[in-house]
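To start, the structure itself, in structure tokens.
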Amino acid sequence: MTTQKFYAGIGSRDTPKSVLKQMTRIARELEKRDWTLRSGGAVGADTAFENGVTDPNNKEIFAVDKHGNTVGYELKPWAVEIAEKYHPNWKRVCESEFIKTLISRNTYQIYGYFKSSLKSEFVVCWTVGGGLVGGTAQAIRIAIDLGIPVYNLALRADKQKLYKLLWD
């Protein structure tokens, strides 16, 4: 019996092209090993990961359209509560429903759609300078608090650890 395994594949919209290619390759390799991608459907890193997954059943995408509407799922109150807990400037940043929805969907990248879902077991990402930046930072903060490993491809040591796990 196989238990479903999840990882979050996320990152900046400004991820360098060379890293986007790596992300697609990583997603292909993880799919071969029966991992399911969780991502946000944004242009850049999210799309690169999604492009590496060939079977639609091997990905959960929590996208938000340009009008701030969720695509194919509903934003649940528990996800917003968790997002508020982890965002350091929630009241200032989330004055608009659009931004609140964008930040809250990062909760699903770690927890899955149902709070009782299996959580993502690790995060693969790229952020500018390897820091806590943008929506990716929200997912990283949640993951760190839950003890979930984060492999930021902008950081050489993280990249080496991930590649060792995948290809050594």
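The values are calculated or read from the model by the stated rules, or taken from the named source; none is laboratory data. Just so it is clear, the model here is predicted, and its values are computed rather than measured. We place every Cβ from the backbone using ideal geometry, glycine too, and count neighbours over all the protein chains shown.
Residue count for the range 132-168 under the criterion of being modelled with pLDDT of 95 or more, outside any helix (DSSP H, G or I) and out of contact with any helix residue (DSSP H, G or I) (no Cβ under 6 Å at 6 or more places or on another chain): the result is 4.
Entry remark, the range 59-69: residues being crowded, with 16+ Cβ neighbours inside 10 Å and either more than 11 Å from Gly9 (Cα to Cα) or in contact (Cβ under 8 Å) with a residue 40 or more places away in the chain (or both) number 4 in total. You will find that of Ala79, Ala27, the residue that is within 13 Å of the chain's Cα centre (by Cα) and aliphatic (A, V, I, L, M) is Ala27 and no other. The criterion of being closer than 21 Å to Tyr163 by Cα, free of Cβ contacts under 8 Å to residues at least 60 places away in the same chain and not in a loop (DSSP other than H, G, I, E, B) does not hold for Leu30. Restricting the first member to the range 81-94 and to residues that are at positive phi, and the second to residues that are crowded, with 16+ Cβ neighbours inside 10 Å and in a loop (DSSP other than H, G, I, E, B), no beta-carbon pair is closer than 7 Å while six or more apart or on different chains.
Out of contact with any helix residue (DSSP H, G or I) (no Cβ under 9 Å at 6 or more places or on another chain), loosely packed, with under 13 Cβ neighbours inside 10 Å and of a type in the set (Gly, Ala, Ser): which single residue out of Gly112, Gly129 fits that description?
Numbers: Gly112 fails: loosely packed, with under 13 Cβ neighbours inside 10 Å.
None of the other options fit; the residue is Gly129.
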